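**Q** One structure, pasted below without further comment.
The values are calculated or read from the model by the stated rules, or taken from the named source; none is laboratory data. Quantities reported herein were computed from a predicted structural model and do not represent experimental measurements. Note: ideal-geometry Cβ built from the backbone for every residue, glycine included; neighbour counts use all protein chains shown. Surface areas here come from the heavy atoms of the whole protein model, side chains and all, with no ligands, DNA or RNA. Shrake-Rupley method; radii C 1.70, N 1.55, O 1.52, S 1.80 Å.
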Amino acid sequence: MSTPENEMTSTHERTAAEAPQGTAGTPDGAATSPRNDTRDTHPRAHCAIDTDGRLTFRLPPISTPRPQLLLRLRPKKGRPETTLHILDLEPDPDRADGHRQAVLEPHPVLEEGRWDVYLLPEPAAERRRLRPGLRDLRTLVDGHLRDRPSPVTVRIPYVTKDGFLALRAWRRTAHAEARAIGVEDRALTVTVRLHGAELREGAAVLLRLRGTDSARTLRPRADDDARGFSFTAGPGDLTAQGGGAGGIWDVFVRPATDAPPIRVARLLDDVADRKHIHVYPAIEADGSAFRPYYTVDNDLAIEAT
């Protein structure tokens, strides 16, 4: 069964991935959305992103004279926060009623990770988490169709599991975008496009068995422009030394003989978390099963059981 590329960013999938949100995006049986809870006092921010990656936040009127927007790179568990980015909230030029806006320009580039968004009523005031308002992500939907220079940077506003506004950011020297995944009877075929790199002599697809030194090398089928390619992996390519089938294979491409490997992932659209949204069938062969999936970082992997 083949999965067409345009199925990867359907409205239904985006809504499910981003819940909780408004009534229209609340799954059956889910708790009441903060949008509909009159007891919720967290301020709300609308946001929109343009084709250059410029992100504009808009907030309702704020009574303090120098409000700011704080972006905090979420630290790893047990670690202190180390990276903050602060934007001034200026009067919204399109409104005459006291609304505010802050613009996050494409540069400086945000570090890769998850950024929580806060309101600072004053520079030294206590920070307040922001709820999501309208998020205009239309320019991201077909982002995979535009070639990107190095470094490849991505920002996607999304809603956290507890209903707050956050940004998912990626920053990679080069990127290999997974564009379509086909699962046939006994083989997996992936179509990929390189951004910030191109295939040269010695190019190879690398399958690395996570937590071990085992790896498999596959030959990519390159397009005429040396940026697009595809590869096919079968059960014989997904078996560890000694014949064991269990484990997870991470997918990379090495664009040239001496070039560093590039992780294959799907980043260039409007889906911040696709692991539990894009679920693929498994290949079953010789008593084992092999299933492609996206990790929590939207990287491509293949699970063998």
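**Q** Restricting to region 39-70, name every residue that is in a loop (DSSP other than H, G, I, E, B) and among the aliphatic types (A, V, I, L, M).
**A** The answer is 62, and nothing else.
**Q** Name the residues in region 249-261 that are crowded, with 23+ Cβ neighbours inside 10 Å and more than 22 Å from residue 146 (Cβ to Cβ), would you?
**A** 249, 251
**Q** Next question, about the same structure. If I ask for residues that are open to solvent by less than 60 Å² (accessible area, probe 1.4 Å) and within 16 Å of residue 93 (Cα to Cα), which ones from region 50-59 would you list?
**A** Within region 50-59, 55, 56, 57, 59 qualify.
**Q** Out of the residues in region 262-276 meeting the condition of being open to solvent by less than 10 Å² (accessible area, probe 1.4 Å) and among the β-branched types (Val, Ile, Thr), tell me which one is farthest from residue 205 (Cα to Cα).
**A** Among those that are open to solvent by less than 10 Å² (accessible area, probe 1.4 Å) and among the β-branched types (Val, Ile, Thr), it is 271.
**Q** Tell me, which residue of region 241-267 that is within 25 Å of residue 184 (Cα to Cα) and in a loop (DSSP other than H, G, I, E, B) is nearest to the chain's Cα centre (by Cα)?
**A** Here the answer is 267.
**Q** Right, here's the next one. Give the residue that is most open to solvent (accessible area, probe 1.4 Å), with candidates limited to residues of region 277-305 that are among the polar types (S, T, N, Q) and closer than 22 Å to residue 176 by Cα.
**A** Among them, the one singled out is 295.
**Q** Also, quick follow-up: Please identify the pairs in which a residue from region 253-267 that is under 14 Å from residue 230 (Cα atoms) has its Cβ atom under 9 Å from the Cβ atom of a residue that is of a type in the set (Phe, Trp, Tyr), counting only partners at least 6 apart or on another chain.
**A** Cβ pairs passing all conditions: 253/229; 253/231; 264/252; 265/170; 265/294.
Listed here are the residues, each with its yes/no results for (1) under 18 Å from residue 195 (Cβ atoms); (2) of a type in the set (Asp, Glu); (3) in contact with a Ser or Thr (Cβ under 8 Å, 6 or more places away or on another chain); (4) modelled with pLDDT of 95 or more.
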| residue | (1), (2), (3), (4) |
| --- | --- |
| 94 | no, yes, no, no |
| 109 | yes, no, yes, no |
| 144 | yes, no, no, no |
| 159 | no, no, no, yes |
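**Q** Next up: Among the residues of region 76-87, is there at least one that is closer than 19 Å to residue 175 by Cα, exposed (fewer than 13 other Cβ atoms within 10 Å of the Cβ) and of a type in the set (S, T, N, Q)?
**A** No, that holds for no residue.
**Q** For region 109-168, give me the residue count where each residue is over 14 Å from residue 57 (Cα atoms) and aliphatic (A, V, I, L, M).
**A** Selection size over region 109-168: 10.
**Q** Then there is this: Could you list all residues from region 111-128 that are surrounded by 18 or more Cβ atoms within 10 Å (Cβ to Cβ) and either at pLDDT below 95 or more than 13 Å from the chain's Cα centre (by Cα) (or both)?
**A** 116, 117, 118, 119, 120, 121 - these are the residues of region 111-128 that are surrounded by 18 or more Cβ atoms within 10 Å (Cβ to Cβ) and either at pLDDT below 95 or more than 13 Å from the chain's Cα centre (by Cα) (or both).
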